[in-house]
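A short worksheet on the structure shown next.
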Amino acid sequence: MGLIKSTDEGKSFKKLTLYGETDFHYLAASYNSKVIYALNEQPNSQLKSSGLFFTEDEGKSWRESKMLGFEGDSIYGIAAHPDKPNIVGIASSNGLFLSDDYGETFKLSSNENQITALEFQENSLLYSSLKSGSIELHKQDLTNQKDVKIDIPTEINDKNPVMFIASNPKNREEITLVTHNNEVLQTEDNGTTWDNLTD
């Protein structure tokens, strides 16, 4: 579908660019800034190579990021900071990698275990890790990289890991997780209690 946009909660969509040419499996849009990051898997009419690209004008022009320092064997997701367009993160099989220069350089920001999902908040980052059959949800301070574990519901395990994370920009204690088995789990108190929103 290329890059498409909805301003009415998905009732209608506007085609921005590359419609019919590419399928971005990993795409991240900043909540307040205009930056959009995309991992391009195949060359197309605008993006002449595979790799990480970003646009700040809804796909009219793109810049490629060098991704120096990134060492993941597999990528599971990307996320853009809600306010700072230069900050992007990648969840990978080799850990959590963060960049503060539009993806030109990355640094490992977690243990070298599999990160299945991530999401930025204003001053922190939420991410899910999988190591030795154990699933954990972390909140990492962006200033000092201090990690705090968040309690997760029993539905989440090594057979049903977290695949997507989202939190409410108006209430960051409200966190929603989507699992491998398509369960939607939500907390409104930063993990103290969880509700399963799916049958």
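Residues in the stretch 1-156 average 53 Å² of solvent-accessible surface per residue, probe 1.4 Å, ligands and nucleic acids excluded. Residue ranges 140-152, 42-54 sort as 42-54, 140-152 when ordered by packing (mean number of other C-beta atoms within 10 Å per residue, highest first). The Kirkwood hydrodynamic radius of the stretch 22-72, based on inverse pair distances between different Cα atoms, is 11.5 Å.
Taking packing as the residue-averaged number of other Cβ atoms within 10 angstrom, the listed peptides 75-86, 14-25, 101-112 run from highest to lowest as 75-86, 101-112, 14-25. Each of Asn181, Thr154, Asn171 was scored by the projection of its Cα onto the charge dipole of the stretch 141-199, and the greatest displacement toward the positive side belongs to Asn171; charges sit on the C-beta of Lys, Arg, Asp and Glu.
A simple spin-label model places pseudo-atoms 7 Å from Cα toward Cβ; at Ala166 and Lys48 they are separated by 3.7 nm. Computed from the C-beta positions of Glu155 and Ser134, the FRET efficiency with R₀ = 25 Å rounds to 0.95. Electrostatic bookkeeping for Leu142 treats Lys and Arg as +1 and Asp and Glu as -1; over the other residues with beta carbon under 15 Å from its beta carbon, the sum is -2.
The ellipsoid that matches the Cα gyration tensor of the stretch 48-199 has semi-axes, each √(5λ) in whole angstrom, of 26, 17, 15, with the longest given first.
The values are calculated or read from the model by the stated rules, or taken from the named source; none is laboratory data. A quick note: this is a predicted structure, and the numbers were derived from the prediction, not measured. Glycine gets a Cβ as well: all are built from the backbone with ideal geometry, and neighbour counts include every protein chain shown. Protein only, heavy atoms only, side chains kept; ligands, DNA and RNA dropped before computing areas. Shrake-Rupley method; radii C 1.70, N 1.55, O 1.52, S 1.80 Å.
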